[in-house]
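The values are calculated or read from the model by the stated rules, or taken from the named source; none is laboratory data. Note that the structure is predicted; figures quoted are calculated from it, not measured. We place every Cβ from the backbone using ideal geometry, glycine too, and count neighbours over all the protein chains shown.
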Amino acid sequence: MLRYPVMKHLVAAAALACGFTAIGLAQSAAPPENHERDFLSRIRRLTVEGRRAGEGYWSPDGKKLVFQSEREPGNPFYQIYLMDLTTGDISRVSPGVGKTTCSFINPESGDVLFASTHHDPTSRQQQADELKFRASGQERRYSWDYDPEMELYAKSSKTGTIKRITNKRGYDAEASYSPDGQWIAFTSTRQAYERSLNATEQKQLETDPSYFAEIYIMRADADGAGPRRLTSTPGYDGGPFFSPDGKRIIWRRFDEAGLLADIYTMNLDGTDVRRLTDFGAMSWAPYIHPSGQYVIFASNKLGFENFELFMVDIDGKKEPVRVSYSDGFDGLPVPSPDGRQLAWTSSRGGGREGQIFLAQWNHDAALAALRNAPPRRAR
Amino acid sequence: MKTRVTTHRGSEALKINGVSLRVGKQRYLGASVPRCVVFVLLAVAPLWAQTTTSKTREHVQVLASDRFGGREAGTDGERQAGDYIAAQLARTGAKPLPGKGDMFLPFQFTAGARDGGSTFSVQFDPVNATGAIGGIPQNGQGNNNIRALSFSEDAEVTAGVVFAGYGIVVPDSQNFGYDSYATLDVKDKIVVVLRYFPEDADKDTKAILARYSDLRYKAMQARQHGAKAMLVITGPRSPNAGELVPMTFDTAIAGSGIPAASISGSMAAWLFQSAPKTLTDAQKDLDTGNPHTAGFAIPNTTVSMKTVVQRVTHTARNVVAYLPATAPTTNVQKPWIVVGAHYDHLGRGEGGNSLATKEDAGKPHVGADDNASGTATVIALADAVSKMPTRTRHVVFALWSAEEVGLVGSAEFTNQPPVPIEQLDAYINFDMVGRMQENKLTAQATGTSPSWPSILERANVAAGFDLTLQEDPYQPTDVASFNGVGVPSLSFTTGAHVDYHKPSDTADKIAYADLDRIADFATTIVRRLMESDPPQFAKVEQSQQGATRTGVRVFTGTVPDYASNAKGLLLGGVIGGGPAEQAGMQKGDVIVEIAGQTIANIYDYTYALELLKISEPVKVVYMRGTERRETTLTPSARK
């Protein structure tokens, strides 16, 4: 699910950290009519504290939101937090050390799944190094490093203990539960560490490890045993989520160069792969609306740095409909379980860093717009 | 099955009879739910709109009624409004502060000025006056024909007279040569100047000269050229010809360091009897705007004048009460939380801050949004706090007066704090919170503590405002007084609008449902403050959001105290990291000279800023207590 550690090379969610300059597609035409209010109302910024926050995922009752945020002194990397949407109380879920990303709440048990490197003995040193780098005034182009120390953990909602789920060399992250809480879909680069690589591959691993990322699923209670690999095309496959009926997986697939991405769905055994988008841009971070009828995702179709939210029917038969109209970053959309709200990550609050925004979602208007959309254009 | 849909406010549940797909426990309004039913229910008004009685409406309606006449500080209307507020606070169980007999904390402030009996007489040298126009002039007095300017010093002066044209000096920095004093020696003389600026000059010249034609500026120039006093004439060719200058009152009450008065047209003609030109001819020459048209000494003429300005002092009242903690606070750090709002407004708008249209001028400025809305919020907050079963800190409810004349009430509180400042946990202010649009609320001064983003984030999760944070505490509202003494502060506002400072800022235009939500939000913040360690104060560094003045591009990082009577520029504060702070200056210092310009008041200072150049160090002389100090200040660019 990365959901947004997608950023490779210069690909970066502008909002979330990077400082890359605009090489966007020049938009010479008059700005399009703003239809954001058709779908989103009562828009507001949910997270305020700290430097950045993103990737908010709902509990099944819609009363909690788990998210990642950089907000504690001493650690310049994301940690995972759980927000009670009724009281406003916020508590940290992850250990506070090292890097974390991509949390998800188990729909059955309430356990919180996330990826973390806190077991890495160099974690504190890495934190200090990053802080020192920042203090030097330099700016880093956002780069997600696909740290091979990244492993999946789950924190028990009952005991509060954190259990390690995966234990394989390679980046294990971007994980989500199936609706019944029995399965975990995740992204892993483990295949690159399990076999011997030829010279070209070795070079590839050094420059762009995400090339080796594939989608896996495993039993949630199997302690990381026996994951089944679902994808095998060259290039980054990541950010898998289950469909609301638990029968399919939606994810985004990059091309080999890692610049273009599109939204796909497949069966849980990797069969019946269907492509939903064809923008010739970076389309990613898909999430299926709980009605099961359509997908909300992010794409930089309108400018390299300008990620906007789009939606497309579940079969990808129609041309996607633009949802957000805001310069900078809008991405990582996640509808609430009742389908009436949308949490997403946006830089619209100012600056480059993202924060989580919340809005009422007009499902009716979304359906109408999708109905009226023209057939999908082939590129 | 029943699908239970809970709003994020958490307390309202809509039960919808529909079929949803079973997906673990993930429930949603599935496709099989009849659309029409679902969306009719979705249209149900939000919870807060269902509140049967508003917490704030009645307070706003009472405070913004005509009977309080616009609640101008020091008036009967303000007193009645204060009585109402005190009664409301008493109703919640709030008590006077420890050691106080009641909730009223009176203070005096300067509300205006009037002439206190200025006099004027002219004596002509009988021997040498034979060349005078119209025969031998007569000595005489014209005490009804003089009026002191509101910023005049009180003094008696007798001296010879020099006519200095319009009395305008354009600073060299403007690259526009115009100096009424260029060829004149006015040292120890009484300078006579024309009001306004050359009438017939071309548009561009007028635009520049107009900028330096303010009487405060003319007085400063006269003083800096060594004159003993300044007399102003509204020239025969000018609008309001021959009239005395009205005694307007501005809130910066500091004197100009020189006696200054206007004299009537007849008195002016009399004064010019032995002059080389009549006043009309002299003005005609000047009105071309030609910079080479010089003034002249008026020979054989001595003026004796006395200026008396009576500054009118009124008494206003802060209304302050508190709800004590429910347990001893001996082990509580900083056991006092202060919430406040100003309740005064502009009266009938005669004080100069009114933006009323001509038709509405003189009507009561009832100030429903400014700031009956904030006052009502504080009363509603007192209601809510009084119902808390436990309070770990005392909560002070402070309604300030004389905010509109320069944050006087709150400054009075922080300068003579009835509770020690170091015991204050935080200050929360509300100023104009009644006109919410599109759910937008702004929190100002959030830079005063690193805790604010955290507290605001948590409180707003349930409140659900589209909340904007502004770090800058240098705001034209009472939060500035508390920031100035190092108390972590917040100020809420829903922003300015077309009725701002007009009689049309009325109670029927207030968004009461949203105002109630702000009161709830504030209650949550106060509760979170009670439950937390005291927020740490942070000094906000020089900000890009700082107040800007058109035409002033240099930045000195000084925060003038507008209400000061001090000779010089009293600093109400210095902006963290700004040039003044870097030069070693601090709150309470009084600047008396900058870049060679003597400074008697804020106006002198403002004009002096025109002379400063970005990155060019200048000498500053200032008083710290009785000690005269010098430093070098390097202005930066105003962002």
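Select, from B:E457, B:E438, the only residue that is within 14 Å of chain A (Cβ to nearest Cβ), in a loop (DSSP other than H, G, I, E, B) and of a type in the set (D, E). Just one listed residue meets the conditions, B:E438. Annotation note: of B:D505, B:D533, B:D516, the sole residue that is more than 14 Å from chain A (Cβ to nearest Cβ), under 30 Å from B:P364 (Cβ atoms), over 27 Å from the mean Cα position of the chain (by Cα) and touching a residue at least 24 places away in the same chain (Cβ under 8 Å) is B:D516. Taken as a whole, the condition of being in contact with a Phe, Trp or Tyr (Cβ under 6 Å, 6 or more places away or on another chain) and among the hydrophobic types (A, V, I, L, M, F, W, C) does not apply to A:I288.
Those strands (runs of 3 or more DSSP E) of region B:306-419 in which at least 2 residues are modelled with pLDDT under 95, considering only elements entirely within it, cover B:309-323. Restricting the first member to region A:189-209 and to residues that are touching a residue at least 12 places away in the same chain (Cβ under 8 Å), and the second to residues that are of a type in the set (V, I, T), the beta-carbon pairs closer than 8 Å and six or more apart or on different chains are A:P209/A:T189. Of the strands (runs of 3 or more DSSP E) that lie entirely inside region A:94-203, those containing 1 or more residues that are on the phi < 0 side of the Ramachandran plot, under 16 Å from the mean Cα position of the chain (by Cα) and crowded, with 17+ Cβ neighbours inside 10 Å span A:100-105, A:112-116, A:151-155, A:172-177, A:183-188. On the basis of being within 16 Å of A:E49 (Cβ to Cβ), surrounded by fewer than 24 Cβ atoms within 10 Å (Cβ to Cβ) and within 12 Å of chain B (Cβ to nearest Cβ), does A:G74 make the cut? Against the criterion (within 16 Å of A:E49 (Cβ to Cβ), surrounded by fewer than 24 Cβ atoms within 10 Å (Cβ to Cβ) and within 12 Å of chain B (Cβ to nearest Cβ)), A:G74 does not qualify. Consider region A:89-119 and keep the residues that are of a type in the set (S, T, Y) and out of contact with any strand residue (DSSP E or B) (no Cβ under 7 Å at 6 or more places or on another chain). The one that is nearest to the other protein chains (Cβ to nearest Cβ) is A:S109. Residues in region A:267-295 that are more than 14 Å from chain B (Cβ to nearest Cβ) and buried (at least 19 other Cβ atoms within 10 Å of the Cβ): A:L276, A:T277, A:F279, A:A281, A:M282, A:S283, A:W284, A:A285, A:P286, A:V295. Residues in region B:447-463 that are farther than 17 Å from B:K334 by Cβ and either buried (at least 21 other Cβ atoms within 10 Å of the Cβ) or in contact with a helix residue (DSSP H, G or I) (Cβ under 8 Å, 6 or more places away or on another chain) (or both): 10 in all. Regarding A:D262, is this residue in a loop (DSSP other than H, G, I, E, B) and of a type outside the set (G, A, S)? Criteria not met by A:D262.
Exactly one residue out of A:T86, A:T122 is within 14 Å of another protein chain (Cβ to nearest Cβ), out of contact with any strand residue (DSSP E or B) (no Cβ under 6 Å at 6 or more places or on another chain), free of Cβ contacts under 8 Å to residues at least 60 places away in the same chain and not basic (K, R): that is A:T86.
Conditions tested, residue by residue: (1) modelled with pLDDT of 95 or more; (2) within 14 Å of chain B (Cβ to nearest Cβ).
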{"site": "A:L309", "(1), (2)": "yes, no"}
{"site": "A:L342", "(1), (2)": "yes, yes"}
{"site": "A:T345", "(1), (2)": "yes, no"}
{"site": "A:R348", "(1), (2)": "no, yes"}
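The residues of region A:322-333 that are crowded, with 24+ Cβ neighbours inside 10 Å and either modelled with pLDDT of 95 or more or within 14 Å of another protein chain (Cβ to nearest Cβ) (or both), listed by number, are A:V323, A:S324, A:D330, A:G331, A:L332, A:P333. Would you please name the residue that is nearest to the other protein chains (Cβ to nearest Cβ), looking only at residues in region A:43-70 that are within 16 Å of A:W361 (Cβ to Cβ) and in a strand (DSSP E or B)? By that ranking, first place goes to A:R44.
Condition first: aromatic (F, W, Y) and under 18 Å from the mean Cα position of the chain (by Cα). Can you find one or more residues in region B:329-352 that meet it? Taking every residue of region B:329-352 in turn, at least one turns out to be aromatic (F, W, Y) and under 18 Å from the mean Cα position of the chain (by Cα).
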